[in-house]
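In what follows, a structure is listed as structure tokens, so that the remarks can point back to it.
The values are calculated or read from the model by the stated rules, or taken from the named source; none is laboratory data. Owing to the predicted nature of the structure, the values given are computational and were not obtained by experimental measurement. In this analysis, Cβ positions are derived from the backbone assuming ideal geometry, glycine residues included, and neighbour counts consider all displayed protein chains. Quick note on the areas: whole protein, heavy atoms, side chains included, nothing else; ligands and nucleic acids left out. Shrake-Rupley method; radii C 1.70, N 1.55, O 1.52, S 1.80 Å.
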Amino acid sequence: MRALQVLLFASTALTACSWSVYNDYKSDTPMFAISNRAFGARVAITTDTEGNAIVGAGGVAPDGARFYGLGQGTSEPSGAPLTNSAQCEIASDKITAGSACLSATTLSPAGVLQELDAKTATLKQVHPGCFAIGYGRRSDTSDIEPGPIVYCTDGGLYTMKPAGDSGLAKAFASRNEQEIRAQHVAMATVMHDGKSVNPGIVVATDVDERAWVYPTIRSQVDPIEITAAADTRGEKYGAAVAMARSKGAHIFLVSAPGIGKVFAWTVDEKTATSQNVACLEGSVGLGETLHAANFDGDADDDLFVNDGGTIKVFLGKDRPAAPAAGQPCAKWPESSIVLKCEEKGATGCATSGFGSTVAVGDFNKDGKKDVAIGAPFAVTDGVASGAVYLYSPTVGGTNEVLDVRYLGKPQENAAFGASVASGLVGTQDTLVVGARGKNVAYVVWCTGLPGTAGSARCRK
């Protein structure tokens, strides 16, 4: 397994001036904008081994991603691009000329990867700041077939071993661009603080209606299939995926929104087998969006699931015991936390796309996790510019909207909130919002939530 070294690429258009520029936004919310071709559909944030925050931003397939360092939050962000070229683009210098690379529906932070010597299996190099980005071929070798790609911002590039009988693999083997573009790839890693080493990854395609787990991110590791029973055929199995910690194990989640179910799986690495341990159930459409994060502070990650335009929460501690062999999967009960769009600050809830993206973090540093939910078609000041709704929910509480973030000068079809992500910048959970319609990703340096007054991160 070899790492690729990357080249400096041309400077990117950035809006980075004094803090006075943030007065263009509602409540003087400090925002830092990164713009480039096709930005805003996908955003992610992670932390490298030295505690520096890294933001990834990109578009939908086939548009790739670029990555930016934000440092440790001790000063204004510079927005300087990292020393890498665009990743997962057809014309990328990291993808073999003429070979397509299909961006995944989301960017997923993948922690730290340890590269081993192929002959001795000893540690060769450590790669920080890694992201799962899509599906394609790496250009440093001709003997590795296209597969899921994990890119590290120091230049490391990993290609996972494909499932050779999948329609996705066959489309790449035929080099048929139209067939490749027809694919839909979802990828997810476990949420982490940037220090996780070689975590697992789950990959799915709802065209094949199949999903696979890679127990660890190392090049050419065999995937373990976690495909549901035949009754999910035609029901968009694989539309969204998530990976969570639950009861001391990693849980891999795959949605089938056509029947309103999300399937939870465990994997036995030694036997390379999988077990369907639980099911989340709701109305048709459940699972178009999946997000896993530790919300309530216990040892288990919690699940945020879109169910017809509302976000339902399934607490990790409530996961049922796995069923006996041959028995149907046990129902995972939803909690009392249901987050709904409200005509507050922004309007047009019914057509706003509320719930299409979710992020979790303690944005106001009050010790409790907040939830940010994108509504990219919400109307603000009479303009369909999009918005992000912010909550600080509790079990059994009213869980009303605390705040709505949107551009102070609404722009038609900006799709602000098309993607949201959270991660540490220094010691502060920080929100990143994509505005797909304007090709911009915004780092929201302060949310304006109750409790932020006087915070150094909320200065004007």
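Points worth noting:
- Note that region 388-434 presents 32 Å² accessible area per residue, ligands and nucleic acids not counted, probe 1.4 Å.
- Length available on full extension from N176 to Q72: 0.36 nm per residue minus the Cα-Cα distance, which gives 33.1 nm.
- Here r is the Cβ-Cβ distance between A325 and V60 and R0 is 35 Å; the resulting FRET efficiency, rounded to 0.05, is 0.30.
- Excluding same-chain neighbours fewer than eight residues apart, the lysines reachable from K161 by a Cα-Cα span under 25 Å are K94, K119, K124, K170, K195, K236, K270.
- Positive dipole terminus of region 228-311, leading residue within V262, T273, G308 (C-beta point charges): T273
- Share, in percent, of DSSP beta bridges within region 198-343 that are antiparallel, nearest 5: 95
- Rounded accessible area per residue of region 253-386, 1.4 Å, Å²: 38
- Net charge contributed by nearby residues that have their C-beta within less than 13 Å of G309 (K/R +1, D/E -1): -1
- Potential extension, V126-K365 segment - 0.36 nm per residue separation minus Cα distance: 82.9 nm
- Apportionment of accessible area to carbon and sulfur, region 250-372, percent (1.4 Å): 51
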